[in-house]
Every structure is written in C-alpha cells, then in structure tokens.
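What follows is one structure encoded as structure tokens, with my remarks underneath.
The values are calculated or read from the model by the stated rules, or taken from the named source; none is laboratory data. Fair warning: this is a prediction, and the values are worked out from it, not measured in the lab. When we count neighbours, we look across all protein chains shown, and the Cβ atoms used for this are built from the backbone with ideal geometry, even at glycine. Accessible surface is based on the protein model in full, side chains and every heavy atom, while ligands, DNA and RNA are left aside. Shrake-Rupley method; radii C 1.70, N 1.55, O 1.52, S 1.80 Å.
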Amino acid sequence: MSYAILAASLRSAMERQDLDAIRLVLDEMQAADIAEFVRNDEPGVTLALFEHLSPEDRAEVFGYLEPEHQLQIARELDDKRLAQLLSNMSSDESADFFNLLEPGRQESILRSMARKERDELRRLSSYAEGTAGAVMTSEYMVVPAQSTAREALELIRTRGPDAETIYQIYVLDEQQRIAGTLSLRELILATPQARIVDIMTTEVISVGVETPQEEVARLIARYDIMTLPITNGGGRMVGIVTYDDAMDVAEEEATEDMHKGASVGSIEGGLRHASLGTLYRKRVGWLVLLVFANIFSGMGIAHFEETIEAYIVLVFFLPLLVDSGGNAGSQAATLMVRGMATGDVRFRDWGRLLGKELLVATGLGLTMAAAVAGLGAFRGGPDIALVVSLSMVLIVIVGSLIGMCLPFLLSRLKFDPATASAPLVTSIADASGVLVYFGIATAVLGLPAAA
C-alpha cells in the first residue's frame, strides 16, 4: 500500500481516536514513513504515536527526524524516558543527538543510563564533527580467528540482533587490531568445518577516527564495500561506517557544496527549519562583497565613456556578451569543483586541463560569435558585427579560463574549491568582459584610447 493511502488512513484513525486502527496502520508503515508523517506536526502528535510503538521502533522513527524536531520532542520527555530512547537508537545516531543537547541535560541523561551505555555514549560523542569517529557505529560483528564456520554462524545468530550489520564480519587479534575480514556470503558458502583464519581476507582497508567523513564516503564508493572499519591511534578497531551512513555523508557534502556554489554558508538543520535571521546571515556576506566587486565593471565602463558616446549601439550588446562570459565561467567552475570533490581531478592535472579548456572555450566562443554576428551586422553594420564577434570569442575564452583556474587557485591557497561559486566567477568574468569588449571596440573602430 502506498504511503499516501497509509498516511490518509492514519490521519483518519487519529481524528476518530480509533486506537486499534492506529496500531494497525502503524504496523503497515515503515519507520521512515512514520517520521515523514509527523515531520510537520507538533511534538505532542509525535509522542502520541510513540505510545503505540515498541521502544525499538520508537527509536528508529526518532532517528529519521530532523535535529530541530528531535530537540522539540526531547523537551517534552523526562530524563528517564529520553535515556531509554537513546539506549535503543543506533550508537552513531544516539551520539549525534546527544551532542545537540545542552551540557546540563546531557549529564542528567547519563545518570539515567547503565554504566556501559554511558561510557560508550561519551566516547562516541567525543569525536569531532565531520570525522570518521563522529559517523561510525560501535555495533559490528566480530568472530574468533580459530572458530569454524559453523561456530561463527552460531555466534552471529546470538549476537547479530545487536549489530548494525552482519553482512561484513571482522576478525581481531589479541590487541583488538584487525586481522582479517569476510562477508556473510563467504561464511555461508564455506564448509561447516572450515576455520575462519583460512577463509578470511587479510588485506583490509581501514581509516583512523580523525579521517574526514567525505574521505570515508569516497573510499566506500571507490572500493564498493558495505562497511569501512575505523581504528584509533593505536590501530585498535573501534567502529565501522556503513554504506548507508556513507550515503548520508555524500548527500550532506553535496548539499554543502551546492550551498557554497551559490555563495551561501552551511545551513544547520536544513532549509525548512532555518530561521529568517539564519537565512539572512548565510546569504548577506557574499552578496555585499560581490556588490563591491561589481564596482570594477562600472569602472571599466566609465573608462571607455568616449567609445560608448561615439557608438551607443555598443551598449545593446554589453549584457549579452558579459553574461555569456559569466555563464561559460560558471560552467567551467562547476565542472572543476565537482571533479575535485569526487577525486577525478587533481592539482597536477591543471596544465593538461588548461589546454583542453582553452580549445573547448575557443570552439564555444566561435560558435556563439557566429550566432550573434548577424545581429551585430543588423544593429550596427559590419564593423560592429566584427567587434561583437571578436569580443564574444575572447570573453568566452577568458570567462572559461577564470572558471577553470579559480578552483585550482583556491585549493592551492588551502581554501575550499567550492568557494569558486557561480556569483564569484560571474563577478570576475563580468569585469573582465567589460574591459575586453570595449578594448576591442576602441581598437577596431579606430577610436582614441580613453585617458
């Protein structure tokens, strides 16, 4: 049954206060769908539905909610009930939520938890945001190296329900370092008497807890693995990052890059829950800076005032030409930033890509020049057509090279290449385009250069 039908049935059951119908519909819904249903409701509605869910299902639904909604619900729960909710959440999600709470509430909740859970939550919540330690879970499956396949399967049946995933299994030595790994498929297909040490793979990819989370996501995608083991400074295995968590990281990083590409800072909690003040602060900085950057375009126009007075028709083509350079630059910048983000482009590729971009930009410029040459001849005659055509070629080349080179330059200066956003590239390309256009017009039309 579709989500829309289930949601309508649940809403109807709630309006009738039909408890049996509410439970029946909730049994049919996935945790993610229940979270979607309550996402825009008051915390009281969410808590009312929670009463019809098991503690495990309640924690799973809670994990799908946005941080702001989670905090609203937390304010309605006492410390004991909130501690129970945290205990049933996956370790990585509970650590993320725990870090959202005020220090005083954190200590109150910890006092309501068992010592083992308390220590584990403190450890996981201590890792810096954006690192592998912050997104990992400590619930992974380990089997002894000397056990048989039959014994390992029995161990998985016993301990598997508490693990984040059982599809990838790890073997640790006496110092808790990774000795090997094997998949559940390999374990099932092995003979019952086969020893784990003989069928496991000893070449294991792992990263440290301080590794950036985007690097973790990249490695999982590159090697097509379901989990990536995480080690501490001593090489001891302390957790795993699963592929679904890596997908969340990839989505988060892509969203952040898109925000930077629009000259907007990172918006915590998502756009839907962002306040007016937050949206204003995230957007105003770059816009004000780019206002002053655009002054250079005005200065360029003022410098060629005599040229414009002599051939007022040149003003007609100014937006067309300048915007073309900005658009070409934005395209080039987007391609470079994305290529650098995915690892497809490295700084050492700069020279080769510069030559390639020059050839492509020349082809684009010639094509666009041919498209506007007729309009130039119609509006101002053959001389104006020549000026417009030459300007189009050079402006597109200059804009493209600016867009292509700026991400490399920022990366070299240890800035985020995503800062080479469309507004920034456009502003630089606009100023350059004005100088190129009126410079060519002055030279071709035989006008004296401005003083």
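How high is the relative contact order of the range 314-431, in percent, with contacts defined as C-alpha pairs under 8 Å that are six or more residues apart?
Value for the range 314-431: 44 percent.
M113: net charge of surrounding residues, Cβ under 14 Å, Lys/Arg +1, Asp/Glu -1, itself excluded?
It works out to a net charge of +3.
Just to confirm my numbers, what's the Cα centroid distance between the range 97-118 and the range 332-365 in Å?
Value for the Cα centre distance between the two parts: 49 Å.
Please determine, in degrees from 0 to 90 and to the nearest 10, the orientation of helix 382-412 with respect to the longest principal axis defined by the Cα atoms of the chain, where the helix direction is its Cα long axis.
Long axis of 382-412 versus the principal axis of the chain: about 30 degrees.
Quick check of the Kirkwood formula: for the range 172-231, what is the inverse mean of 1/r over all pairs of different Cα atoms, in Å?
13.1 Å
Compute the distribution of all C-alpha to C-alpha distances in the range 4-55, in bins of 10 Å from 0, and list the percent of pairs in each, rounded to whole numbers.
For the range 4-55, the pair-distance distribution reads 25, 67, 8.
If you fit an axis through the alpha-carbon atoms of helix 314-342 and take the longest principal axis of the Cα set of the chain, what angle between them do you get, 0 to 90°, nearest 10?
Relative to the chain, helix 314-342 is tipped by roughly 30 degrees.
Considering the Cα positions of the range 335-449, please state its Rg to one decimal place and its Dmax as a whole number of Å.
Radius of gyration, then largest Cα-Cα span, for the range 335-449: 16.5, 50 Å.
Let's test the formula: R0 of 45 Å, r as the Cβ-Cβ distance of D27 and R177. What FRET efficiency results, to the nearest 0.05?
The value I calculate is 0.55.
Between N40 and L287, 0.36 nm times their residue separation minus their Cα-Cα distance comes to what?
85.8 nm
Can you tell me the equivalent ellipsoid semi-axes for the range 270-332? Use √(5λ) from the Cα gyration tensor, largest first, whole Å.
35, 15, 10
Quick one: what are the phi-derived ³J(HN,Hα) couplings along the range 345-350, Karplus 6.51/-1.76/1.60 with θ = phi - 60°, whole Hz, x for glycine and proline?
Along the range 345-350, the couplings run 10, 10, 4, 5, 7, 4 Hz.
Please give the calculated 222 nm ellipticity per residue for the chain, where each DSSP H segment of at least 4 residues contributes -39500 (n - 2.57) and the sum is spread over every residue; nearest 500 deg cm²/dmol?
The helix-only estimate for the chain comes to -21000 deg cm²/dmol at 222 nm.
Out of the DSSP beta bridges found with both residues in the range 161-233, what percent are antiparallel (nearest 5)?
75 percent
Name the trypsin sites (Lys or Arg not before Pro) in the range 9-40 that are in a loop by DSSP and that have at most 15 other C-beta atoms within 10 Å, would you?
R39
Per residue, how many Å² of accessible area does the chain show with a 1.4 Å probe?
On a per-residue basis, the chain sits at 53 Å².
What ranking do 384-392, 396-404, 438-446 get when scored by the average of other Cβ atoms within 10 Å per residue, highest first?
Put in order of decreasing packing, that is 396-404, 384-392, 438-446.
Evaluate the relative contact order of the chain (contact order divided by residue number), counting alpha-carbon pairs under 8 angstrom at least 6 apart; express in whole percent.
The normalised contact order for the chain reaches 11 percent.
At q = 0.08, 0.19 Å⁻¹, what log₁₀ I(q)/I(0) does the range 70-226 have when each alpha carbon counts as one equal point scatterer in the Debye sum?
Here log10 of I(q) over I(0) equals -0.30, -1.17.
By how many degrees, between 0 and 90 and to the nearest 10, does the Cα long axis of helix 276-293 differ from the longest principal axis of the chain?
Tilt of helix 276-293: around 30 degrees.
Simple spin-label model, 7 Å along Cα-to-Cβ: R115 to N88 in nm?
2.6 nm
What percent antiparallel are the DSSP beta bridges of the chain, to the nearest 5?
80 percent
Using amide H atoms built 1.01 Å from N in the peptide plane, name the residues 5+ places from V238, or on other chains, whose amide H lies under 5 Å from its own.
Residues meeting the amide H criterion: I230, T231, N232.
Compute from the Cα atoms of the chain the Rg and the Dmax, the latter being the longest Cα-Cα distance, and quote both in angstrom.
Cα only, the chain: 29.9, 94 Å (Rg, Dmax).
Which semi-axis lengths, in whole Å and largest first, follow from the square roots of five times the eigenvalues of the Cα gyration tensor of the range 90-149?
The answer is 27, 15, 8 Å, longest axis first.
Roughly what would the spin-label model give for N99 and F347, points 7 Å off Cα along C-beta, in nm?
In this crude label model, N99 to F347 measures out at 2.8 nm.
On the accessible surface of the chain, probed at 1.4 Å, how many percent belong to carbon and sulfur atoms?
Of all accessible area on the chain, carbon and sulfur atoms account for 56 percent.
Are there GluC sites (Glu not before Pro) in the range 50-95 that DSSP puts in a loop and that have at most 14 other Cβ atoms within 10 Å, and which ones?
Within the range 50-95, the qualifying GluC sites (Glu not before Pro) (loop, at most 14 other Cβ atoms within 10 Å) are E51.
Scan the range 369-427 for chymotrypsin sites (Phe, Trp or Tyr not before Pro) in coil per DSSP, keeping those whose Cβ has at most 13 other Cβ atoms within 10 Å, and list them by number.
For chymotrypsin sites (Phe, Trp or Tyr not before Pro) across the range 369-427 that sit outside H, G, I, E and B with at most 13 neighbouring Cβ atoms in 10 Å, the list reads F415.
For the range 126-248, what is the relative contact order in percent, using Cα pairs closer than 8 Å and at least 6 residues apart in sequence?
This gives 31 percent for the range 126-248.
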